[in-house]
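Single-structure report; data block below.
The values are calculated or read from the model by the stated rules, or taken from the named source; none is laboratory data. Because the structure is predicted, anything quoted here is derived from the model rather than measured. For neighbour counting, all protein chains shown are included, and Cβ atoms are generated from backbone atoms with ideal geometry for every residue, glycine included.
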Amino acid sequence: MGIAVAVYFLKQTMQHYSAEQISHALRALPFSSLALALGFAGLSYFCLGCGDALAARALGKRLAFWQTALASFISLSISHNIGLAALSSAALRYRYYSRWGLSSADVGFMVLFCGMTVALGLSTLGSVALVLRPEDTAKLTGLGDQTILALAIVAACLPLMYVALAAFWRKTIAVFGHEFSLPTVRIAVLQVVLGTLNFIFVAASLHQLLTAISNTGYIKVAAISIIANLAAIITHVPGGFGVLEATVSHILPGAETLACVIAFRVVYYFIPLLLGLLLMGANELVLFWRASPKPSAQKA
C-alpha cells in the first residue's frame, strides 16, 4: 500500500517536469548548500543517537555513547529507507543491544522511548509552524484557520502533558510483559529538547537547499517538512518517498524545487543509508573475525 502511494505521488509530481529540467537544476545547486545540508543532516542523526543514550539512561543501563550512537545510526539510517521504522529499527537495535546485555524488553522500551522523543519533537515544532505559517497548512490540507489553531494548541499541549505525567504519574507501564516507570522530569524535558532539535535540523537541511533557488523562510520550510513527515507516517511510505516531493512542490512549484527535494533525499536518506550499511558490514566482519577459531601457534 505504502509503495503504491509513493509511486502515485511521485508520478503526479514528476509529470510536470522533464528529466532534463530536473537534471539541469540539480547540477546548478552550489556545493556550499549541499555541504551545509549534509552537516545539518549529521546533526539530526546526532540528536537521534543522543535519544538512544537517553533511553539507556532511563533504563539504568550503563552504555558508552559510541555504542548507542552506533546502534542508533545503523538502525535508523536503514529503517528510514525501508519503512515500518518501529519494527525494522527494533530488529536492528536488538542485534546490537542484545550483545551489550540488554533484554528484548529493554530494547522494546528503548524503541518506544525513542519513538516518543521523535513524536514530542514533531509536536513541539509542529505547533510553532502551525501558528506562524497557518496559510501553508491551509493550502495543503484545506483546513480553516480555527481548525489549524485548535490543532496547534493540541500539539503544544502534548509535550507539556508528557512532562507533567513524568512529574506526577507514579504507576508503571507494561512493555512486552515487563513493568517500567515513566522517566524523570529531567529526562522527559531532555526528550522534548532532543526531539525538537532533531526536526529543527531536518528542516534546516532542506532549507539550505531551497535557499539556493529562492528566498524561502525557515519557518515556511519547517511547516512543509512537518506536514510531509506527518503524511509519511500516516501513509507508511518508506522515507516519505513521493510524499515529501509532492508536499514541497505543491507549496513551491518548479523544477528547481523538485531538484532541491531530490538532493535533500540523497543527503538525508541515501548517504546515511550507504554509511549505515558500510558500518554494519564492517561491524559484522569484525565480529566474525573475533568469533573465528584462531590457528594454534606452531612450535618452533
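Could you tell me whether any residue of segment 82-91 is on the phi < 0 side of the Ramachandran plot, touching a Ser or Thr at 6+ places or on another chain (Cβ under 6 Å) and crowded, with 19+ Cβ neighbours inside 10 Å? Steps first, please.
Residues of segment 82-91 on the phi < 0 side of the Ramachandran plot: 82, 85-91.
Among the residues that remain, those that are also touching a Ser or Thr at 6+ places or on another chain (Cβ under 6 Å) are: 82, 85, 88-89.
Keeping just the survivors that are crowded, with 19+ Cβ neighbours inside 10 Å gives 85, 89.
Yes, segment 82-91 has at least one match.
Could you please find all residues in segment 60-91 being modelled with pLDDT of 90 or more and hydrophobic (A, V, I, L, M, F, W, C)?
Correct list: Leu63, Ala64, Phe65, Trp66, Ala69, Leu70, Ala71, Phe73, Ile74, Leu76, Ile78.
Would you mind stating whether Arg186 is farther than 24 Å from Glu135 by Cα, at pLDDT 85 or above, surrounded by fewer than 19 Cβ atoms within 10 Å (Cβ to Cβ) and not hydrophobic (A, V, I, L, M, F, W, C)?
Considered against the rule, which asks whether it is farther than 24 Å from Glu135 by Cα, at pLDDT 85 or above, surrounded by fewer than 19 Cβ atoms within 10 Å (Cβ to Cβ) and not hydrophobic (A, V, I, L, M, F, W, C), Arg186 comes out as yes.
So Thr216 passes all but one of these: (1) part of a helix (DSSP H, G or I); (2) over 22 Å from the mean Cα position of the chain (by Cα). Which condition number does it fail?
Thr216 satisfies all of (1) part of a helix (DSSP H, G or I); (2) over 22 Å from the mean Cα position of the chain (by Cα) except (1).
I'd like the full set of residues that are modelled with pLDDT of 80 or more and aliphatic (A, V, I, L, M), limited to segment 229-260.
Residues satisfying the conditions are Ala255, Leu258, Ala259.
Conditions (1) at pLDDT below 90; (2) buried (at least 21 other Cβ atoms within 10 Å of the Cβ); (3) in contact with a helix residue (DSSP H, G or I) (Cβ under 9 Å, 6 or more places away or on another chain); (4) not aliphatic (A, V, I, L, M), marked per residue:
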| site | (1), (2), (3), (4) |
| --- | --- |
| Asp106 | yes, yes, yes, yes |
| Cys114 | no, yes, yes, yes |
| Thr117 | no, yes, yes, yes |
| Leu132 | yes, no, yes, no |
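Yes or no, residue by residue, for (1) at pLDDT 90 or above; (2) loosely packed, with under 13 Cβ neighbours inside 10 Å; (3) closer than 30 Å to Ile262 by Cα:
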| position | (1), (2), (3) |
| --- | --- |
| Cys157 | yes, no, no |
| Leu160 | yes, yes, no |
| Val163 | yes, no, no |
| Arg170 | no, yes, no |
| Phe176 | no, no, no |
| Ser205 | yes, no, yes |
